[in-house]
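The values are calculated or read from the model by the stated rules, or taken from the named source; none is laboratory data. Model, not experiment: these values are computed from the prediction. All Cβ positions, glycine included, derive from the backbone under ideal geometry; neighbour counts span all protein chains shown.
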Amino acid sequence: MTALLVEIAPGAQTGWHCHLVPNFAYMLEGKLELTLDDGRVKLLNAGDALSEVVNRSHNGRNVGSAPVKLVVFYAGTTGTPLSVEEKECLPEKMKTGGLDYKSVGSTCQP
C-alpha cells in the first residue's frame, strides 16, 4: 500500500494518464473535474471519496480557485508505476504486453 498527498494548483491538470493498480482517493480540499476517455465527467468536492479507474485513460482538472488536495491510496506490487502516460494505457498494448512504462509518478513502495 502506498499513500500520497496530491496537490493540483487552480487551473492545472494531471494530464491524461492511467493507473495500473487499484487506488482510492479522498478529497481534502478544492474542486476536481475528472474526465474519462469516453467523455464522461464527474465533479468532485472536498469530502468526496472515489475509487479511481484502472487501465483506463483519464484526466483531472482543478476547476476551483483554490488548490485541490487529495490523499490517494494505491494497492499494488512493489516497483509497479502508480501512473503511466496515456499512450501506455492503450488497450492493444495492455493485451499484448507491449508496454514500455513511462511512469508519470511514483512506484509502489514496500
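For beta carbons closer than 6 Å, sequence separation of 6+ or different chains, a first residue in segment 6-18 that is among the small types (Gly, Ala, Ser) and a second that is modelled with pLDDT under 95, there are no qualifying pairs. In segment 74-94, is there at least one residue being at pLDDT 90 or above and closer than 20 Å to Val6 by Cβ? Within segment 74-94 (the criterion being at pLDDT 90 or above and closer than 20 Å to Val6 by Cβ), the answer is no, since none of the residues qualifies. If the condition is being among the polar types (S, T, N, Q), under 13 Å from the mean Cα position of the chain (by Cα) and assigned to a loop (DSSP other than H, G, I, E, B), then segment 50-68 contributes Asn55, Ser57. Do you know which of the residues in segment 37-49 that are part of a loop (DSSP other than H, G, I, E, B) and more than 24 Å from Met1 (Cβ to Cβ) is nearest to the chain's Cα centre (by Cα)? Here the answer is Asp37. Of all residues in segment 51-63, one or more are at pLDDT 95 or above and β-branched (Val, Ile, Thr).
Scanning segment 1-30 for residues that are small (Gly, Ala, Ser), loosely packed, with under 15 Cβ neighbours inside 10 Å and in a strand (DSSP E or B) yields a single hit, Ala3. Output the residues belonging to segment 31-81 that are touching a residue at least 40 places away in the same chain (Cβ under 8 Å), of a type in the set (Val, Ile, Thr), surrounded by 13 or more Cβ atoms within 10 Å (Cβ to Cβ) and within 17 Å of His19 (Cα to Cα). Selection gives Val71, Val72, Thr80.
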